[in-house]
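The structure appears below as structure tokens.
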């Protein structure tokens, strides 16, 4: 009996070793995760007539396109969507509930990837949030890290599964776009508008490798000086070719509302910002990623590497000009060309037949109310600065005796009450929160206002948007009241500018994003059943055979598994 058991164990070990060897042979050399910021789920099809064959079309032709994919959390902002794609779980679990939240203990604002313990490397400053206008930006040198992400990411799982020889990187114009995807185990680089270079923090390394110094010194950022963003093709080939100047588009000083959009002199305070408001931002990101691929020998051995490229220009263009604009349409065409350039480079250096490509987006975007009015759709923008002047709120402050400072702040999507004032008056915080939520509910443009107390004890309905709000709720980070605007309503004030579009709702135009898997063994096709973005990291893990990210709640998308 002992001999048989021993033989069985030996046989099992041999079979396991053989299976492991086979798995290793079949693993791709690279996982390339591409996240296009604000790429609404219909945008590829909507502007498809202007696309080439080697960018989006390559992925659609050679991969499986989940055309009905949605984020299920309510606050569809950049850090929330990126971290959900990276972790396979909701912000209620991974903790990134907003780009910016307030610490309930100190009352201080917390930028999602801000970390004072890890200073920036080689950069004088970096924009703290989504600032478009540098005159409104609160530049900070307080450092960056992924430590506010409470779970592991798929890149973390790859690092643990494949070991220290696996190379893990994240690149983006936005710090949060790079950091969320690189996870805790990788290295992240992002664009500092303050300095016109790609930066990192001491969480990742104390100084730059020579190739980063060389790229920054090569002057590619400054090569756009005194040039302009021009249309890729003739105007009459665009759907919006005859609508270049729409009244709701934001006119940035010196950038204008019509083509060509001048970048200006390299020493202009707006110069690097204008680059990110155009296809140039993505082109620079991809150029940096290509240098990284060569310098770090990405995909050059049998150990699977991970590279995330988060492309931010679609988001900035959408905010300024709206998704239904000539600028947005041309940006998609130029993004397609930039994407084709990246894929061709990966094919040359690694081989697309050795690369698993996963493309998605962190969120979509709403249309401007004036554009919707052309189709008879009612919409509007909301001004939170005037909430306390509404009759219901005036009456409420009188009832509670707290004056006009009942509301401490509003940072989307959370309203924060003045807790010190409420405590000083001896008032019950929950009673005040419930009363304020009721008044908010009654205002035009607000669909639902839910207090954190109701979210904690389940005293609300999960019907409608309730489940989405709950998926976004973290008891230590969420504000006092979660505000959901009516469909087609949003706050148009964006860092001091009146913008054409602003995302952050649970409605389909914000939640709907593409999900495309392309790689070895994946059959091409289009899947129209509803799937969720928490499924992305789970499916990558299943494809590779790694462990799941620690908070993963998603399902495996079987169509993407060989």
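Note down all Cβ pairs under 9 Å where the first residue falls in region 154-173 and is at positive phi, the second is surrounded by fewer than 24 Cβ atoms within 10 Å (Cβ to Cβ), and they're at least six residues apart or on different chains.
Within 9 Å, the pairs are 163/303.
When region 283-297 is examined, which residues are found to be free of Cβ contacts under 8 Å to residues at least 60 places away in the same chain and under 13 Å from residue 308 (Cβ atoms)?
Listed by number, the residues that qualify are 286, 293.
Of the conditions (1) under 17 Å from the mean Cα position of the chain (by Cα); (2) within 18 Å of residue 263 (Cβ to Cβ), residue 315 fails just one. Which one is it?
(2)
Is there a residue in region 266-283 that is within 23 Å of residue 356 (Cβ to Cβ) and assigned to a helix (DSSP H, G or I)?
yes
Between a residue in region 317-328 that is on the phi > 0 side of the Ramachandran plot and any residue that is surrounded by 24 or more Cβ atoms within 10 Å (Cβ to Cβ), which pairs come within a Cβ distance under 7 Å, given they are 6 or more apart or on different chains?
From residues that are on the phi > 0 side of the Ramachandran plot, the pairs are 322/328; 322/368; 322/500; 322/501.
Restricting attention to region 364-373, report how many residues are buried (at least 24 other Cβ atoms within 10 Å of the Cβ) and touching a strand residue (DSSP E or B) at 6+ places or on another chain (Cβ under 7 Å).
Adding up the residues that qualify gives 2.
Return the only residue of 98, 69 being buried (at least 24 other Cβ atoms within 10 Å of the Cβ), at pLDDT 95 or above and closer than 25 Å to residue 276 by Cα.
The conditions single out 98.
Quick check, is residue 451 in contact with a strand residue (DSSP E or B) (Cβ under 7 Å, 6 or more places away or on another chain) and farther than 19 Å from residue 392 by Cβ?
When the stated conditions are applied, residue 451 does not pass them.
Go through the residues of region 236-245 one by one and say whether even a single one is modelled with pLDDT of 95 or more and in contact with a strand residue (DSSP E or B) (Cβ under 8 Å, 6 or more places away or on another chain).
no
With respect to residue 487, determine if the residue is surrounded by fewer than 23 Cβ atoms within 10 Å (Cβ to Cβ) and either within 29 Å of residue 65 (Cβ to Cβ) or touching a helix residue (DSSP H, G or I) at 6+ places or on another chain (Cβ under 8 Å) (or both).
Taking the combined requirement at face value, the residue satisfies it.
Yes or no: residue 480 surrounded by fewer than 17 Cβ atoms within 10 Å (Cβ to Cβ) and outside the structural domain of residue 67 (by TED's automatic domain parsing)?
Spelling it out, it is not the case that residue 480 is surrounded by fewer than 17 Cβ atoms within 10 Å (Cβ to Cβ) and outside the structural domain of residue 67 (by TED's automatic domain parsing).
To keep it simple, each residue is scored yes or no on (1) out of contact with any strand residue (DSSP E or B) (no Cβ under 7 Å at 6 or more places or on another chain); (2) within 30 Å of residue 179 (Cα to Cα); (3) in contact (Cβ under 8 Å) with a residue 12 or more places away in the chain.
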{"site": "341", "(1), (2), (3)": "yes, yes, yes"}
{"site": "360", "(1), (2), (3)": "no, yes, yes"}
{"site": "375", "(1), (2), (3)": "yes, no, no"}
{"site": "395", "(1), (2), (3)": "yes, no, no"}
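I need the strands (runs of 3 or more DSSP E) fully contained in region 107-212, keeping only those with at least 3 residues that are assigned by TED's automatic domain parsing to the domain that holds residue 299, within 18 Å of the chain's Cα centre (by Cα) and modelled with pLDDT of 95 or more.
Qualifying strands (runs of 3 or more DSSP E): 168-172, 187-192.
Determine which member of the set 446, 407 is at pLDDT below 95, in contact with a strand residue (DSSP E or B) (Cβ under 9 Å, 6 or more places away or on another chain) and closer than 26 Å to residue 468 by Cβ.
None of the others qualify; the one that does is 407.
Being at negative phi and touching a helix residue (DSSP H, G or I) at 6+ places or on another chain (Cβ under 9 Å): is that true of residue 411 here?
No: the conditions fail for residue 411.
Only one of 383, 315, 348 is in contact with a strand residue (DSSP E or B) (Cβ under 9 Å, 6 or more places away or on another chain) and modelled with pLDDT of 95 or more; which?
One residue alone meets the criteria, 315.
With the checklist (1) surrounded by fewer than 19 Cβ atoms within 10 Å (Cβ to Cβ); (2) modelled with pLDDT under 95; (3) under 20 Å from the mean Cα position of the chain (by Cα) in hand, flag the one item residue 494 doesn't pass.
Of everything listed in (1) surrounded by fewer than 19 Cβ atoms within 10 Å (Cβ to Cβ); (2) modelled with pLDDT under 95; (3) under 20 Å from the mean Cα position of the chain (by Cα), residue 494 misses just condition (1).
Could you tell me how many of the residues in region 240-262 are in contact with a helix residue (DSSP H, G or I) (Cβ under 6 Å, 6 or more places away or on another chain) and loosely packed, with under 14 Cβ neighbours inside 10 Å?
Result for region 240-262: 0.
Being buried (at least 24 other Cβ atoms within 10 Å of the Cβ) and more than 14 Å from residue 121 (Cβ to Cβ) is the filter here, so list the residues in region 169-190 that pass it.
170, 171, 172, 173, 174, 176, 177, 180, 181, 182, 183, 186
Kindly state which helices (runs of 4 or more DSSP H) lie completely within region 450-555 and contain at least 1 residues that are in contact (Cβ under 8 Å) with a residue 24 or more places away in the chain and closer than 25 Å to residue 160 by Cα.
Filter on region 450-555 gives 534-544.
The values are calculated or read from the model by the stated rules, or taken from the named source; none is laboratory data. Here the structure is a predicted model, which is why all the values come from computation and not from measurement. No Cβ is skipped: glycine too gets one built from the backbone with ideal geometry, and neighbour counts run over all protein chains shown.
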